[in-house]
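Only one structure is covered here, and it is reproduced in the block below.
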Amino acid sequence: MRRQKVKLYVLLALVLLLLGIAAFAPYLVPFDPYEQNLSQALQAPGGSHLLGTDRYGRDMLSRVIMGSQTTIYSALLLVAVITVTGTSVGLFCGWRGGKLDSFIMRISDIFLAFPGMVFAIAVAGVLGGGILNAVIALACISWPKFARLARSQVLMIKDAPFLAAARLSGSGGTKIVFRHILPNILGPVLVTATLDIGTMMMEIAGLSFLGLGAMPPIAEWGSMMSSGRSMLQTSPWVILAPGCAIFVTVMLFNLLGDTVRDVMDPRQSVQHVERR
């Protein structure tokens, strides 16, 4: 257990470092990420341009650093929206029950019946391009998972003795929900949210790659990969630089999510290992 906590602290430090780089990206870039210099177009990595330049002569390192702000914080915003929305819906449905609960859960079934990315592409296509529209499109299809998770957790403790005691003490429904139920279901919800950051980041990058997310010249990793895909054989650094950034960032958030789960519920970690 102590080893897992040390691992958690190390991963948290790395994630905070990454978030800090993204937050202060405009002050950390060695060159203007949007300034074009065609005389230096497609320079190989080395010298003053550590990751090379793109077809417009823009420094790739500067664009990767600036792109971290758009990509990472868009994913965090998306996860925050679907976590709050889905958890609120699931909390309400699990507590109230009845026909409204059944109706909302059938709506979630409809959303879950569609292939997620296909539905997001359709919504983003209707809304038009832009990183905000990509976040809205993905939010429309991602909230049911948190709603079902929160609802199942509420149903597990709804008839628990401590809630019966709270009712007998005169606590109202609102107080019971926010003081007794919500704190008891936050653990699984937060673990799922942490694990979802990497997934949402890849989906946002995927929409941008298809031209339905961030629009050029905005520095965003998926959009940068889309712009450089035709040069994979001749100038591979143009697409490998943002691709590696996505890989490292997603892996870091996934490791953090796994470690948070292991620390909060060691028994679940053991069961996960046994299934593998």
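The values are calculated or read from the model by the stated rules, or taken from the named source; none is laboratory data. Note that the coordinates shown come from a computational prediction; the quantities given were computed from them, not determined experimentally. Backbone-built Cβ (ideal geometry, glycine too); neighbour counts: all protein chains shown. Heavy atoms of the whole protein, side chains included, go into the accessibility calculation; ligands, DNA and RNA do not. Shrake-Rupley method; radii C 1.70, N 1.55, O 1.52, S 1.80 Å.
Please verify whether the range 184-197 includes one or more residues that are assigned to a helix (DSSP H, G or I), closer than 23 Å to ASN254 by Cβ, without any contact (Cβ under 8 Å) to a residue 24 or more places away in the chain and not hydroxyl-bearing (Ser, Thr, Tyr). If you could, list the steps in order and put the result at the bottom.
First pass over the range 184-197, keeping only residues assigned to a helix (DSSP H, G or I): 184-197.
Retained after the next criterion (residues that are closer than 23 Å to ASN254 by Cβ): 185-197.
From what is left, the residues that are without any contact (Cβ under 8 Å) to a residue 24 or more places away in the chain are 186.
Then drop every residue that is not not hydroxyl-bearing (Ser, Thr, Tyr), which leaves 186.
Checked against the condition, which is being assigned to a helix (DSSP H, G or I), closer than 23 Å to ASN254 by Cβ, without any contact (Cβ under 8 Å) to a residue 24 or more places away in the chain and not hydroxyl-bearing (Ser, Thr, Tyr), the range 184-197 yields at least one hit.
Taking GLY97 as the residue in question, decide whether it is open to solvent by 30 Å² or more (accessible area, probe 1.4 Å) and of a type in the set (Gly, Ala, Ser). Give the derivation first.
Numbers: open to solvent by 30 Å² or more (accessible area, probe 1.4 Å): no; of a type in the set (Gly, Ala, Ser): yes.
Criteria not met by GLY97.
Is it true that ILE82 is closer than 27 Å to ILE181 by Cα, surrounded by 14 or more Cβ atoms within 10 Å (Cβ to Cβ), of a type in the set (Val, Ile, Thr) and at pLDDT 90 or above? Write out each step before concluding.
Numbers: closer than 27 Å to ILE181 by Cα: yes; surrounded by 14 or more Cβ atoms within 10 Å (Cβ to Cβ): yes; of a type in the set (Val, Ile, Thr): yes; at pLDDT 90 or above: yes.
Yes; evaluated as a whole, the condition is true for this residue.
Among the residues of the range 171-193, is any open to solvent by 10 Å² or more (accessible area, probe 1.4 Å) and among the charged types (D, E, K, R)?
yes
Taking GLY130 as the residue in question, decide whether it is in contact with a Leu (Cβ under 8 Å, 6 or more places away or on another chain), of a type in the set (Gly, Ala, Ser) and closer than 15 Å to GLY213 by Cβ. It would help to see each step written out before you state the result.
Working: in contact with a Leu (Cβ under 8 Å, 6 or more places away or on another chain): no; of a type in the set (Gly, Ala, Ser): yes; closer than 15 Å to GLY213 by Cβ: yes.
In short, no.
Does the range 62-79 hold any residues that are hydrophobic (A, V, I, L, M, F, W, C) and open to solvent by less than 40 Å² (accessible area, probe 1.4 Å), and which are they?
Residues satisfying the conditions are VAL64, ILE65, MET66, ILE72, ALA75, LEU78, VAL79.
Would you mind stating whether ARG55 is closer than 28 Å to LEU132 by Cα, surrounded by fewer than 24 Cβ atoms within 10 Å (Cβ to Cβ) and of a type in the set (D, E, K, R)? Give the steps one after another, and end with the answer.
Numbers: closer than 28 Å to LEU132 by Cα: yes; surrounded by fewer than 24 Cβ atoms within 10 Å (Cβ to Cβ): yes; of a type in the set (D, E, K, R): yes.
Yes; evaluated as a whole, the condition is true for this residue.
In this structure, does LEU240 turn out to be more than 30 Å from ARG2 (Cβ to Cβ), at pLDDT 90 or above, open to solvent by 70 Å² or more (accessible area, probe 1.4 Å) and of a type in the set (A, V, I, L, M, F, W, C)?
On the way: more than 30 Å from ARG2 (Cβ to Cβ): yes; at pLDDT 90 or above: yes; open to solvent by 70 Å² or more (accessible area, probe 1.4 Å): yes; of a type in the set (A, V, I, L, M, F, W, C): yes.
The answer is yes for LEU240.
Select from the range 99-113 the residues that are within 23 Å of LEU207 (Cα to Cα) and touching a helix residue (DSSP H, G or I) at 6+ places or on another chain (Cβ under 7 Å) and write down the one among them that is modelled with the highest pLDDT. Please lay out each step first, then the result.
Step one: filter the range 99-113 for residues within 23 Å of LEU207 (Cα to Cα), giving 108, 110-113.
Still in the running and touching a helix residue (DSSP H, G or I) at 6+ places or on another chain (Cβ under 7 Å): 108, 111-112.
On the way: SER108: 88, PHE111: 84, LEU112: 83.
Looking at the filtered set, the residue picked out is SER108.
Find all pairs meeting these conditions: Cβ atoms under 6 angstrom apart; at least six residues apart or on different chains; first residue within the range 2-28 and closer than 18 Å to LEU77 by Cβ; second residue part of a helix (DSSP H, G or I) and of a type in the set (A, V, I, L, M, F, W, C).
As it stands, the answer is VAL15/LEU256; ALA22/ILE72; ALA25/ILE65; ALA25/MET66, since those pairs meet every condition given.
Against the condition polar (S, T, N, Q) and without any contact (Cβ under 8 Å) to a residue 24 or more places away in the chain, how does THR174 come out, does it pass?
Values: polar (S, T, N, Q): yes; without any contact (Cβ under 8 Å) to a residue 24 or more places away in the chain: yes.
Yes: the conditions hold for THR174.
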